[in-house]
Amino acid sequence: MSKSVLKVNSLRKEFGGLVAVKDVSFEVGEGEFVGLIGPNGCGKSTTFNCISGLLQQTSGKIEMFGEDISNLRPDQIQNKGMTRTFQHTNLWREMTVIENLMVPPRNQFGSSPFEFIKSLFTTKNESEKERLLMAYEALDQLEVPHMAHNLASELSGGQSKLVDIGRSMMGSPKLLLLDEPVAGVAGPLAMKIFNNLRRIVDETGISILIIEHNMDFILRQGVDRIVVMNEGEVLMQGTPDEVRANKDVIEAYLGTAATPPESE
Ligand SMILES: Nc1ncnc2c1ncn2[C@@H]1O[C@H](COP(=O)(O)OP(=O)(O)O)[C@@H](O)[C@H]1O
Ligand SMILES: [Mg+2]
C-alpha cells in the first residue's frame with residue numbers, strides 16, 4: 001500500500017451495554033479508493049462517526065498522516081483534510097445547488113446557528129471568488145455543472161447525494177469519507193457516481209473511504225480494496241477478487257445482505 005493517510009487501530013465504541021464497534025483496524029493509503037462494507041447495523045456509520053470526531057471512541061487509536069487524531073473535535077479533524085458525508089443527506093432545501101456548496105452543511109462541522117451565520121460573512125470575504133470557482137469545479141468533476149442554479153428542493157434523491165458529495169469536496173480535502181452515497185440511487189446513476197469518484201481519486205490523488213451495504217454492487221465498481229465488517233468487527237480486507245473468493249464473507253452474507261434491504 002502507498003503512504004498511509006488513515007490508520008484505524010483497534011477501534012472500539014460502546015453505547016451503554018451495546019458494543020457497536022468491537023475491534024476494528026484498517027488503513028487507507030494515499031490515492032486509494034477503499035470500500036467499507038457490511039450488513040446493516042454492523043457498525044459502519046459508528047466507525048465513521050468515531051473517525052470524524054463526532055463520537056468519542058471507547059478505546060483505540062486513529063491516525064491521519066501518522067498523527068494521532070483520536071478524539072479531536074470534528075472541526076480540528078476537518079482542518080487536517082478529512083471531510084465526510086452522512087447517510088441521510090441534509091441539504092439546504094431552499095437554497096440553490098451552488099449556494100449549498102458555499103455554506104457548511106447544517107448537520108456537520110461547526111454547524112450551530114451561530115457558526116452558520118458566521119459562515120455567511122466569512123464566505124463573502126476575498127476568498128468568495130475562490131470558493132465559487134471551487135464549487136463549480138466540484139460540480140464539473142461530478143459531471144453536473146448544469147445543476148448549479150437548481151433549488152435543492154427540486155433535486156431527486158440521487159442528485160441530492162451528488163451535491164452532498166460535491167459539498168464534501170469543498171476545501172480540497174485529502175480524505176473523503178462517504179456514508180452510503182448511492183443508497184436508494186437508481187443503478188445507472190449509482191454507477192456513474194462510482195465512476196466519477198474513481199476518476200477523482202486517479203486525477204487528484206485524494207483518498208476515498210466509501211460505505212456501501214450492497215456487496216454485489218461494490219464488487220463491480222472499481223474500488224482498490226474492500227474492508228468487510230460484520231457484527232462490529234473486520235471480517236476480512238482485500239481486493240474485490242479476494243473478497244469475492246472468501247468463504248467467511250460468503251457465509252456472513254448469506255441470508256443477510258445477499259438481497260440487501262433499502263437502507264433509507
Ligand atoms: N448514537 C447511538 N446510540 C446508541 N446506539 C447506536 C447509536 N448509533 C448506532 N447505534 C447502534 O450501533 C449499531 C451499529 O450501528 P451503525 O454504525 O449505524 O451500523 P451501520 O452503519 O453498519 O448500519 C446498531 O446496533 C445501532 O443501533
Ligand atoms: Mg450506516
**Complete:** Taking only the Cα positions of the range 4-79, the convex hull volume per residue in Å³ is 86 Å³
**Message:** Over 20 Å between Cα atoms: which of 3/61; 129/161; 22/44; 7/61; 7/174; 3/80 fall into that group?
**Reply:** 129/161
**Request:** Indicate, rounded to the nearest 5 percent, the antiparallel portion of the DSSP beta bridges found entirely in the chain.
**Result:** 55 percent
**Message:** Helix-only mean residue ellipticity at 222 nm, the chain, DSSP H runs n ≥ 4 weighted -39,500 (n - 2.57), per residue, nearest 500. What is it?
**Reply:** -9500 deg cm²/dmol
**Message:** Taking 20 °C and 1.002 mPa s as the conditions, I'd like the Stokes-Einstein D for the range 160-259 in µm²/s, using the Kirkwood hydrodynamic radius from alpha carbon pairs.
**Reply:** 148 µm²/s
**Request:** Of all alpha-carbon pairs in the chain, indicate the percentage at a distance above 24 angstrom.
**Result:** 47 percent
**Asked** When the dipole is taken about the Cα centre of the chain, and only Lys, Arg (+1) and Asp, Glu (-1) are charged at their Cβ, what size is it in debye, to the nearest 20?
**Response** 340 debye
**Prompt:** To the nearest 0.05, what FRET efficiency results for residue 199 and residue 19 with a Förster distance of 41 Å applied to their C-beta separation?
**Reply:** 0.60
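We did not get these values from a lab; they are worked out from the coordinates using the rules stated. Here the structure is a predicted model, which is why all the values come from computation and not from measurement. As a convention, Cβ positions derive from the backbone with ideal geometry for all residues, glycine included, and neighbour counts pool all protein chains shown.
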